[in-house]
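Only one structure is covered here, and it is reproduced in the block below.
The values are calculated or read from the model by the stated rules, or taken from the named source; none is laboratory data. Because the structure is predicted, anything quoted here is derived from the model rather than measured. Don't worry about glycine lacking a Cβ; one is built from the backbone with ideal geometry, like all the others, and counts go over all protein chains shown. Side chains are part of the model used for accessible areas, which takes the heavy atoms of the whole protein and leaves out ligands, DNA and RNA. Shrake-Rupley method; radii C 1.70, N 1.55, O 1.52, S 1.80 Å.
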Amino acid sequence: MFILNTAWRDSRRMRRRLFLFVASMALGVAALVAIRSFGANVEASVTAQARELFGADLEIESRQPFSDDSEALIDSVLAAFPGRQAGEASFASMALFPAPERDSLAGGTRLVNVRAVEGAFPLYGSIETTPSDALSRFQEQDEALVAASLLLQYGVEIGDSVQVGQRTYRIAGRVDGVTGQTDMGELVGPRVYLPYQSLDPALLSTGSRVNYARTLAFDGAETDDALPERARAAFAERFRARNLDVETLASVEQEWSEALGDLGRYLELVGFVALLLGGLGVASAVHVYIRQKLDTVATLRCLGATGGQALAVYALQAAAMGLAGATLGAALGVGVQYLLPAVLGAFLPVDVEITLVWPAVFQGLAVGFGVALLFALLPLLAVRRVPPLRAIRSDAVPVSARRDPWRWLALGVLVAAVVGFAYVQLGSWRNAAFFVGGTAAALGALTLAAAAVRAVARRLVPRGASYTLRQGLANLYRPGNQTLVLLLTLGLGTFLILTLLLTEHVLLDRVSVPDGDARPDLILFDIQADQQDGIAALVEENGVEVLEQTPLVTMRLRAIDGRSVEEIREDSAALNYDARWALRHEYRSTHRSELTDTEELVEGRFVGEVSADAEIIPITFEDELARDLRIGVGTRLSWDVQGVPMETEIAGLRRVDWARPQLNFFAVFPDGPLDDAPRFGTLTARAGSDEASARVQRAVVRAYPNVSVVDVGMVIGLIERIFDRVAFVLQFMALFTIGTGLVVLAGAVLVARLQRIQEAVLLRTLGASRPQVRRIFVAEYALLGLLAAVTGGVLALGAAWAIARYAFLLTTFEVGWASLVGVLIGVPLLTVAIGLAGSRGLLERPPLDVLRGEG
């Protein structure tokens, strides 16, 4: 009872001062609880709505129209496992919206996602339309359903028309929502639903990029979850023999859960950074608090208390503070999760039902309490070494803790706990080490910056500077200074947000097309071989320059160094998981005699021309995919070029700048062997204006409806909107870190209030005016804020450069000066505002307070 009573009584005068440090833990815990609770709710929603999201129990996909043999196989599946089916052909195509008579300025052309359907589509889920019965009748009446965004964009209404290919459809209804269609998906590819039976056959001609699918719904599958898997297993060999890809509800549900789980784990890491920052605030607060309690500890030692009992008293206070912070954070996190649907909703395929998830709450409580206690223990261990002599001699200090084994043990446990949490989140010791190492490096850089600032401020105070500036500089290294705490908190928050802003700037700058540049702003694709000359002439007739025509030949990988693709896919240890898609991918390759300006040969040689009957064809391959496939120069690749086998050998590896708005390829062949292969082509052009671009698109869609046109300017605008939404999510999470930093800053000001009172009153006693004292505080906080902004900015520049260079493989780095300057101005102003608010009222204290020793 002695320890409990002493801890309670001793904390009376400090409870209000410790509140801010409780709050510093709360924001990090809130982020963890909110993300974990929301993630559990998302996973539950995906499980509950999986069948509606997938739209089937089993889906069979093909890149070619289903042959009679494949149709017979599907009939065999339904004979063995009774049910119903629907069909779909999906592809990108140009849609022309003729201007209605009521508005001659309406209408236009747009690349859309066409979904040509047949049967009872969708088998599960729903498509919400206006009018509500449009879905049930549009196939019978050969009409179209059009996304609401398209109707709004082109000023057309229900009853107007849309032309896709050579056929024109009456718009039967507006699509208001599709189960599983995210806002981002609608932004990237607005949909137009058409009846399959009335589709223009030219849109499905050879070379067109069409994905064919048959969806099956089995009787009894809703009560027997294993039924679709049994159906797939029963016909697996026959599906594989016909190159049909098969997905079931269970496999797709697992993919969704893994993807959403990865997103949640990485967002939780941002919250954990905020929690670590709060832990640093707790450590700083306890350090200052214990310094103020040294006399009390010495008195307790004189009265017979042992060092362990003294430690227990203040450890109990720290534990209570950590528990209060974790509890407050958990309650706040439960509330924050109700905001997350608005923040993340654009990326989610489900409507999330928010419920209270107790495991997430308890996990947040445990992690928050553990972090607070571990960070508090480091400064608390010094209590054990306070000598009783301190009670009668104020110059007696605690014995140095440098050789204290318990201090090193506590530090080791803290590091192990952080690494363990990172491993749980990332599922890899390597990634956990990178995360902890990166965080430690940033904190280490900020700590070194703080030490350098204190050393420079101590030795290089300008003699000719004003008194207030010199005093403000002196505050950076005086006892009780806040230099380290502030640089760690605001510097880390600045680093996180500015890294995001600079990276976004680099990517947008990379894909932008400056006025007058020779880069293309129009890309035409799905051009048949006999259409190339006519389309080029049509583009030039409309006053637009043709830059390049590129042939494309479709092919698939058959084998790598003699091992079949099927054998490699079954060998889980033979391939990087991230590259497994490459074995199923239908490649669109080209042939040419030279490299383009978006490519760089990094290994081997480039061969521009070989004989058409060469036995082994030397090709160049994209270097990043080569690393994922674990292949390199000299590797033999066997291809199926539309039924014709072709043997190649990698002669060189190319680094490709995928960010440039230009056609790039994984595999490039030399001229010769593919010259007579069935092909389709692309054409790039430079319109230079929106008017010329629209003119070309209208002309092409009328004369060659099978050809699709990509307006690069529109794509870049789309990329910007996507980046804006992604940035909003990351900035929202980074606000937890910034908020924690501000709370820790305010708490540091409050803990140092005793020194502030003494300083302010003594200055007033010596004749300083209130404005002078206020200017001293402003100078100190402005300098600290500027140093935090500069240090965080330098770290962010390095991180953004590394991301651009190694993650996005960009060879140039453009600094976003607007973001950088905004941070350099905004952070100091914010720091001054917080510092003055925390020091409010100090100037009103009378000198008698110092004489009485009140604080």
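Between Leu303 and Leu836, the modelled label-to-label distance comes to 4.4 nm, taking each label 7 Å out from Cα in the direction of the beta carbon. For Leu356 and Asp103, a Förster radius of 56 Å and the Cβ-Cβ distance give a FRET efficiency of 0.65, rounded to the nearest 0.05. Taking all protein chains in place and a 1.4 Å probe, what share, in percent, of the accessible surface of region 72-129 do carbon and sulfur account for? On region 72-129, the fraction of accessible area on carbon and sulfur atoms equals 50 percent. Between Glu222 and Arg605, the contour length at 0.36 nm per residue exceeds the Cα-Cα span by 132.2 nm. Distance between the 7 Å Cα→Cβ label points at Asp597 and Glu229: 5.4 nm.
Stokes-Einstein diffusion for region 21-83, with the hydrodynamic radius set to the Kirkwood value over Cα pairs and evaluated at 10 °C in a medium of 1.306 mPa s, equals 99 µm²/s. For Asp224, the solvent-accessible surface with a 1.4 Å probe is about 50 Å², rounded to the nearest 10. Sorted largest first, the spans of the alpha carbon positions of region 639-710 along the three principal axes are 46, 29, 17 Å. Look at the alpha carbon pairs under 8 Å that are at least 6 residues apart: their mean separation over the length of region 79-206 gives a relative contact order of 31 percent.
With r as the distance between the Cβ atoms of Tyr338 and Ala614 and R0 = 56 Å, compute the FRET efficiency 1/(1 + (r/R0)^6) and round to 0.05.
Details: r = 65 Å, r/R0 = 1.15.
That gives a FRET efficiency of 0.30.
As a calculated quantity, the FRET efficiency between Leu152 and Ser198 at R0 = 30 Å, using C-beta atoms, amounts to about 0.75. Per-residue accessible area for Glu222 at 1.4 Å probe radius, Å² rounded to 10? It works out to around 130 Å².
What does the extension gain come out to for Asn211 and Gln549, with contour length at 0.36 nm per residue minus their alpha carbon separation? Walk me through the numbers on the way to the answer.
Details: separation 338, 0.36 × 338 = 121.68 nm, distance 2.49 nm.
Gain in length upon complete extension: 119.2 nm.
Residue by residue, region 212-223 carries 3J(HN,Hα) couplings of 9, 9, 10, 10, 10, 10, 8, 5, x, 5, 5, 10 Hz when phi is fed to the Karplus relation 6.51 cos²θ - 1.76 cosθ + 1.60 (θ = phi - 60°); x denotes Gly or Pro.
Could you tell me what a quarter of the Cα convex hull surface of region 209-255 works out to, in nm² with one decimal place? Could you put the intermediate results ahead of the total?
Details: hull surface 16.3 nm².
For the Cα atoms of region 209-255, the hull's average projected area reads 4.1 nm².
Distance between the pseudo-spin-label points of Glu237 and Arg563 (7 Å out from Cα toward the beta carbon): 2.4 nm.
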